[in-house]
Amino acid sequence: MKDLISIIDVKKHVGETVKIGAWLADKSGKGKLQFLQLRDGTAFFQAVVFKPNMIEKFGEEAGTAKFDEIKHLSQETSVYVTGVVKEDARSKFGYELDVTDLEVIGHSHDYPITPKEHGVEFLLDNRHLWLRSKRQMAIMQIRNAIIYASYDFFDKNGFIKFDSPILSGNAAENTTELFETDYFGNPAFLSQSGQLYLEAGAMALGRVFDFGPVFRAEKSKTRRHLTEFWMMDAEYPFVTHDESLDIQEAYVKHMIQGVLDNAAYALETLERDISKLQKYVDTPFMRVSYDDAIDLLQAHENDEDTDYEHVEHGDDFGSPHETWLSNFYGVPTFVVNYPASFKAFYMRPVPGNPERVLCADLLAPEGYGEIIGGSERETDYEVLLQKIVDFGLDPKDYEWYLELRKFGSVPHAGFGLGLERMVTFVAGTEHIREAIPFPRMINRIHP
């Protein structure tokens, strides 16, 4: 018999006797049979205990005692299970284990999340245990596959990992969305983006990216918002806005393909339509200008199947507008060249049209909204200085950032992707709170 194996790997051991470390997720049976639903973090599957097999191996008295012990195991008891792997077409997993022995590692009593319906608030209060469920395990596996694919993409495309600080003395975007803290008598803020620091990295190292937690004090309760989430930011010199869009599209497709390749069991568990995901990989993303998008929305606002409010040129989109646009095209859609009036100060204007900036939001279809925001950055020192003043920011806080334009400024661009929004989109789940192990929202900081 070999060392411990994972449930996800049992297909490699059909007909063999194996040993698995697992937890008992559920149990049923009658008479001489017990059906154990096991999980080990890689997958769930069934182990079958037949009383005569226990008696044959251990003798009448010991075998009966072993079977009775198994019969009375409680939910989430940890065990070592030994048995023979068999294919089983009736099983959704495709395999099951004929148990020859079971050893209890740690008992579990009065586990609060039973195999019945529970309210979301109760589950969030018990998030440390809710993570053990089949659905949450699958979502975390998809999250892991997306992270792995991100590092793989950037490594293959010549990017260097560049760690931006989490504590910052200035804002990257909207100062009203910052969490302020005392930093030895001076004000400091939890980072809302690593982008400004990444620009310094790009001027030193070329293509760079960072991946870490960021914080937004936006008082939003929508299914798309968290106050703490993980952001992947990338920055690259000598790249135009259109070239940046090419990189973003390739990156998103690489992440989706990574999940298809490495988290197929998780997608199946969530009953995700993988034909849609494959379509997003195989089909070019759409690119539409902000003004054309406004015209399109206005042209369809009276259609029977629309539920968004009227929108004018110069207005920002709401979630219903984003949902309709991405569903109209059926694939992830870049909306480019938004009004400068509601975009960040560092974005470069469209040549010949200072009211629009060279930026893009990538909208995911199926109602998932914005997953990427990016732009070409302003490279002129004087223009950027004036933008900082116009936005009501203190130029002294941005002296180091402005200096990047004084010593060999070059065209450069970049983007940021919200990991949890990407996870929610690829997993096909409804609420972003399930896309992170311990969600932080305006009404929740425990557990």
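The values are calculated or read from the model by the stated rules, or taken from the named source; none is laboratory data. Bear in mind the structure is a predicted one, so any value in this text is a computation, not a measurement. Cβ: placed from backbone, ideal geometry, glycine included. Neighbour counts: every protein chain shown.
Quick notes
- Residue check, Phe238 among the aromatic types (Phe, Trp, Tyr) and surrounded by fewer than 20 Cβ atoms within 10 Å (Cβ to Cβ): yes
- Scope segment 31-51; condition closer than 19 Å to Lys11 by Cβ and free of Cβ contacts under 8 Å to residues at least 24 places away in the same chain; matching residues: Gln37
- In this entry, Lys19 is excluded by the filter for residues that are under 29 Å from the mean Cα position of the chain (by Cα) and of a type in the set (D, E, K, R).
- Count of residues meeting criterion [assigned to a loop (DSSP other than H, G, I, E, B) and either surrounded by fewer than 18 Cβ atoms within 10 Å (Cβ to Cβ) or assigned by TED's automatic domain parsing to the domain that holds Leu270 (or both)] in segment 74-105: 8
- Within this structure, Leu267 passes the test of being in the same structural domain as Asp242 (by TED's automatic domain parsing), over 30 Å from Glu355 (Cα atoms), touching a residue at least 24 places away in the same chain (Cβ under 8 Å) and touching a Leu at 6+ places or on another chain (Cβ under 9 Å).
- Members of segment 267-318 that are among the polar types (S, T, N, Q), surrounded by fewer than 16 Cβ atoms within 10 Å (Cβ to Cβ) and farther than 21 Å from Gly428 by Cβ: Gln298, Asn302, Thr306
- Segment 195-210: number of residues that are free of Cβ contacts under 8 Å to residues at least 40 places away in the same chain and either in contact with a His (Cβ under 9 Å, 6 or more places away or on another chain) or among the small types (Gly, Ala, Ser) (or both): 1
- Residue match in segment 410-424 (condition: of a type in the set (Gly, Ala, Ser), modelled with pLDDT under 95 and closer than 19 Å to Leu196 by Cα): no
- Segment 128-139, subset surrounded by 18 or more Cβ atoms within 10 Å (Cβ to Cβ) and among the aliphatic types (A, V, I, L, M), residue nearest to Arg39 (Cα to Cα): Met137
- Just one of the listed residues (Val350, Val335, Val331, Val357) is in the same structural domain as Lys387 (by TED's automatic domain parsing) and under 21 Å from the mean Cα position of the chain (by Cα), and it is Val331.
- The C-beta contact set for segment 279-295 (first residue within 24 Å of Leu358 (Cα to Cα), second residue of a type in the set (Lys, Arg) and not in a helix (DSSP H, G or I), distance under 9 angstrom, 6+ apart or interchain) comprises Ser289/Arg356; Tyr290/Arg356; Asp291/Arg356.
Conditions (1) more than 21 Å from Glu249 (Cα to Cα); (2) more than 19 Å from the chain's Cα centre (by Cα); (3) modelled with pLDDT under 95, marked per residue:
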residue	(1), (2), (3)
Ala266	yes, no, no
Leu270	yes, no, no
Lys279	no, yes, no
Phe285	no, yes, no
Asp291	yes, yes, no
Asp303	yes, yes, yes
Glu312	yes, yes, no
Gly318	yes, yes, yes
Asn327	no, yes, yes
